[in-house]
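The structure appears below as structure tokens.
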């Protein structure tokens with residue numbers, strides 16, 4: 001479970017995140033939707049222990065990321081926005097490298113490697129160097145890295161960005177499968193249809209803060225006309241007006 | 001995770017990655033051969049072309065009209081010049097020297113027959129170092145012969161030979177006999193220091209800013225490994241490859257110098273294998289300092305391109321004092337010895353010169369350089385903790 005409370009993060013004079021709060025439950029998919037620059041990636045970076053929040057609290061399975069970064073990092077798997085790989089290592093070597101960094105022993109590595117290669121359909125290219133991989137293949141390797149230690153909480157930052165229809169479908173299937181296994185899934189996206197399809201709980205983020213939240217149905221009800229996209233545009237526009245005002 | 005375990009994991013990955021990078025490998029393993037090859041070939045060139053010159057040097061002396069000055073010919077033969085016949089026709093003489101078939105030709109005219117006072121000619125090619133070096137040697141012998149003859153003639157005429165040479169100088173050398181070869185040996189400390197700072201530059205860039213540029217840094221930093229351990233693992237890899245590069249460099253120097261000087265007696269012999277082993281050992285603290293400095297600079301830069309510019313300039317900094325010290329050696333006092341680069345250069349120069357190892361200097365240089373390396377490494381770890389390192393701007 002992930003609990004974020006009054007998170008604030010500034011870069012010089014820029015307020016990237018200002019008072020953002022949400023809760024992501026186990027066995028549910030929580031989606032954060034927002035414009036580019038709304039603060040989604042900064043929030044995820046704070047969650048992953050890459051950036052230090054200026055104020056606020058982030059709890060992952062009751063561990064405070066500010067006080068127990070290593071404990072938190074052991075409990076989360078992160079698929080960052082930048083899904084860079086090492087071009088001279090094979091897909092299998094990527095999995096093994098991250099498995100070792102997460103402290104898995106040889107037996108566990110063997111088992112997880114087998115499961116992930118099979119589940120993500122990587123058998124055909126597992127022993128090929130990643131240089132020249134397609135976007136879909138790269139994503140699979142990055143996913144395997146993020147899931148290698150079987151984390152309870154999984155963070156996906158723009159997971160389907162740039163993928164073709166088959167790739168998007170595979171990622172959606174995987175997310176729903178992980179949800180069924182009881183994992184806490186947190187995804188960010190600016191694609192409303194994706195969020196609407198996958199998420200049990202949606203948080204609309206604008207200008208670094210949460211402007212609205214609820215299930216897809218609740219949000220549709222709030223909009224009054226059953227269209228999430230319109231609601232999103234209204235919510236973010238209202239926030240913009242408040243900021244300008 | 002324990003520090004040693006973390007270092008092992010990162011070292012394994014980075015080494016594998018580096019060993020598969022052909023461009024980086026060429027730079028790592030061919031680059032250290034270049035300076036030894038260059039120095040070796042220069043020495044060999046000096047050797048084979050007799051540029052070195054010496055009174056005891058044995059060489060061929062092509063002479064036309066040798067029978068016209070038998071006394072001079074006897075003197076030259078006694079001083080290592082093997083007289084060989086040369087063309088007598090002017091046109092052939094010039095073409096033989098011009099083509100390089102003969103380094104020079106000594107032409108003794110018939111007017112020299114039966115007299116001590118005559119004019120001879122030496123045909124040379126000033127565009128050829130080989131020709132000029134050989135001609136200079138034979139001219140030196142003729143000048144000495146000339147002085148001896150004039151003194152003999154003055155004495156025969158009943159005068160004091162001191163009229164001709166009022167002052168006679170005798171040199172008593174108490175040091176080693178130095179020559180051109182030694183000048184080349186003295187270049188080793190500077191070139192070695194350059195290699196220490198240049199060796200793993202591209203690897204360091206790839207492991208630091210390169211990691212951010214290819215987008216793999218965020219995934220790496222999201223793992224439960226402390227940044228200090230991550231930095232340590234990367235630094236150990238850089239140190240490992242630097243030490244291999246330095247080892248190759250020194251081995252190549254040893255082989256190249258022995259090869260270039262093995263067939264010549266008048267060259268000062270190159271430093272022994274033991275000296276090269278000591279050079280390697282004494283350079284280890286400097287390698288640690290260099291890696292820490294490279295990491296610090298790499299993490300201060302915004303891009304791999306910027307890192308390449310700054311780290312490319314880094315080896316020039318230690319090269320400058322090194323070059324100055326070739327011509328103006330600094331006495332290795334404890335204060336100088338404890339300064340990184342300077343301390344090692346002073347020790348390296350002592351070793352190359354064949355002096356006894358200054359163990360007090362070694363102690364100060366190790367302590368001074370390792371202390372500086374620790375401070376710089378701490379700075380690198382602080383820079384690695386910065387958010388700018390993750391974000392890149």
Quick one: angle between helix B:188-198 and the longest Cα principal axis of chain B, in degrees between 0 and 90, rounded to 10, please.
-> 30 degrees
Based on DSSP H runs of at least 4 residues, each adding -39500 (n - 2.57), what is the mean residue ellipticity at 222 nm of chain B after dividing by all its residues, to the nearest 500 deg cm²/dmol?
-> -21000 deg cm²/dmol
Residues in region A:90-115 that a label on residue B:4 would reach, taking backbone N under 20 Å of a point 7 Å out along Cα→Cβ = A:100-106
Per residue, the convex hull volume that the Cα atoms of region A:143-245 enclose (Å³) = 116 Å³
What is the antiparallel percent of DSSP beta bridges lying wholly in the protein assembly as shown, to the nearest 5?
-> 50 percent
Compute the long axis of helix A:228-244 from its Cα atoms, compare it with the longest principal axis of the Cα atoms of chain A, and write down the angle in degrees, 0 to 90, nearest 10.
-> 60 degrees
For region B:59-163, share of DSSP beta bridges that run antiparallel, in % to the nearest 5 = 30 percent
Under the definition of partner shielding as Cβ atoms of other protein chains within 10 Å of a residue Cβ, what is the mean value for peptide A:100-112?
-> 3
Assuming a viscosity of 1.567 mPa s and a temperature of 4 °C, what translational diffusion coefficient in µm² per second does Stokes-Einstein assign to region A:2-244, Rh being the Kirkwood radius over Cα pairs?
-> 70 µm²/s
Which FRET efficiency value, to the nearest 0.05, is calculated for residue B:167 and residue A:3 with the Förster distance at 60 angstrom and r the Cβ-Cβ distance?
-> 0.05
Take peptides B:156-167, B:250-261 and line them up by average Cβ neighbours within 10 Å, highest first, as a rough protection proxy.
-> B:250-261, B:156-167
Rounded to whole angstrom, the alpha-carbon centroid of region A:138-188 lies from that of region B:108-138 at a distance of 89 Å
Regarding region A:22-160, what is the average projected area of its C-alpha convex hull, in nm²?
-> 9.1 nm²
What is the packing order of peptides A:205-214, A:13-22, taking the mean over residues of other C-beta atoms within 10 Å and listing the highest first?
-> A:205-214, A:13-22
Residue B:58 versus residue B:12, label points 7 Å from Cα toward the beta carbon: distance in nm?
-> 6.2 nm
Quick one: what do you get for chain B if you divide its Cα Rg by 2.2 N^0.38 Å?
-> 1.40
On a 0 to 90° scale, report how tilted helix B:129-156 is relative to the longest principal axis of chain B, with both axes built from alpha carbons and the result rounded to the nearest 10.
-> 40 degrees
Cα gyration tensor of region A:38-85, axes a ≥ b ≥ c as square roots of the eigenvalues: rounded (a/c below 1.5), prolate (a/b > b/c) or oblate?
-> oblate
Radius of gyration and Dmax for the protein assembly as shown's Cα atoms, expressed in Å?
-> 38.0, 136
Between residue B:258 and residue B:84, what is the FRET efficiency for a Förster distance of 45 Å, r being their Cβ-Cβ separation, to the nearest 0.05?
-> 0.90
Residues of A:79-87, mean number of Cβ from any other protein chain within 10 Å of their own Cβ, rounded to a whole number?
-> 6
Using alpha carbons only: equivalent-ellipsoid semi-axes of region B:59-163, gyration tensor based, whole Å | 27, 15, 11
Taking Cα centroids, how far is region B:236-270 from region A:61-125 in Å?
-> 44 Å
Other chains' Cβ within 10 Å of B:208-221 residues: what's the mean?
-> 6
Can you tell me how much longer the chain between residue A:215 and residue A:62 gets when fully stretched, taken as 0.36 nm per residue apart minus their C-alpha distance, in nm with one decimal?
-> 52.7 nm
Solvent-free Debye scattering, log10 I(q)/I(0), computed from the Cα coordinates of region B:134-262 at q = 0.09, 0.14, 0.22 Å⁻¹ = -0.59, -0.87, -1.25
Expressed in nanometres to one decimal, the distance between label points 7 Å along Cα→Cβ at residue B:136 and residue B:119 is 2.6 nm
Taking the simple approach of a point 7 Å from Cα along Cα-to-Cβ for both residue A:81 and residue B:305, what is their distance in nm?
-> 2.2 nm
Calculated [θ] (222 nm, deg cm²/dmol) that DSSP helices of n ≥ 4 give over chain A, each run adding -39,500 (n - 2.57) = -12500 deg cm²/dmol
Checking rank on A:182-194, B:377-389, B:208-220, with mean other Cβ inside 10 Å and highest first, the result is B:208-220, A:182-194, B:377-389
In a Debye calculation with equal point scatterers on the alpha-carbon sites of region A:78-199 and no solvent, what is log10 I(q)/I(0) at q = 0.11, 0.22 Å⁻¹?
-> -0.34, -1.40
Considering only DSSP beta bridges where both residues belong to region A:2-244, give the percentage that are antiparallel (nearest 5).
-> 50 percent
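Readers should treat all values here as calculations from the given coordinates under stated rules, not as data from a laboratory. Nothing here was measured: the structure is a model prediction, and the numbers come from that model. No Cβ is skipped: glycine too gets one built from the backbone with ideal geometry, and neighbour counts run over all protein chains shown.
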